[in-house]
């Protein structure tokens, strides 16, 4: 039986599959061996807001330095804000940023009624829920 030669065409340089970005090496790479592949995954924006709020409180409460917790809160908000702007547009990013900061502010008086951690989780849930809803409603 004769072997039939099969020629595979190389994939495009960048392929998006289910929010996983796969980048291939140069097309004129070495003839021997597999092409180098690097995969980077786009994390959900809600993860950044949750880490900003929950992580900010955790850092502030453990270190007793509110400014360190504020830095974590600001970093999470900054990353989320950029992603919101890129994916949903500036007006939606502004509205979601306002929800993020308002839920953070509202968690303080709420903590006096239900406790600190439940208030932080409530703020994170509100922000994540608003972000998920915005992604469902706004298609770019």
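The values are calculated or read from the model by the stated rules, or taken from the named source; none is laboratory data. Bear in mind the structure is a predicted one, so any value in this text is a computation, not a measurement. No Cβ is skipped: glycine too gets one built from the backbone with ideal geometry, and neighbour counts run over all protein chains shown.
Observations, loosely collected:
- Answer residue from the range 105-128, given it is closer than 19 Å to residue 46 by Cβ and in contact with a helix residue (DSSP H, G or I) (Cβ under 6 Å, 6 or more places away or on another chain) and is surrounded by the most Cβ atoms within 10 Å (Cβ to Cβ) among those: 127
- Some residue of the range 40-52 being in contact with a strand residue (DSSP E or B) (Cβ under 6 Å, 6 or more places away or on another chain), closer than 30 Å to residue 139 by Cα and modelled with pLDDT under 95: yes
- Number of the condition not met by residue 102 [criteria: (1) out of contact with any helix residue (DSSP H, G or I) (no Cβ under 8 Å at 6 or more places or on another chain); (2) within 16 Å of residue 134 (Cα to Cα)]: (2)
- Unmet criterion (only one of (1) outside any helix (DSSP H, G or I); (2) under 17 Å from the mean Cα position of the chain (by Cα)) for residue 139: (2)
- Output for the range 65-109, where each listed residue is touching a residue at least 24 places away in the same chain (Cβ under 8 Å) and not in a helix (DSSP H, G or I): 89
- A residue that is over 17 Å from residue 58 (Cβ atoms) and in contact (Cβ under 8 Å) with a residue 24 or more places away in the chain occurs nowhere in the range 114-121.
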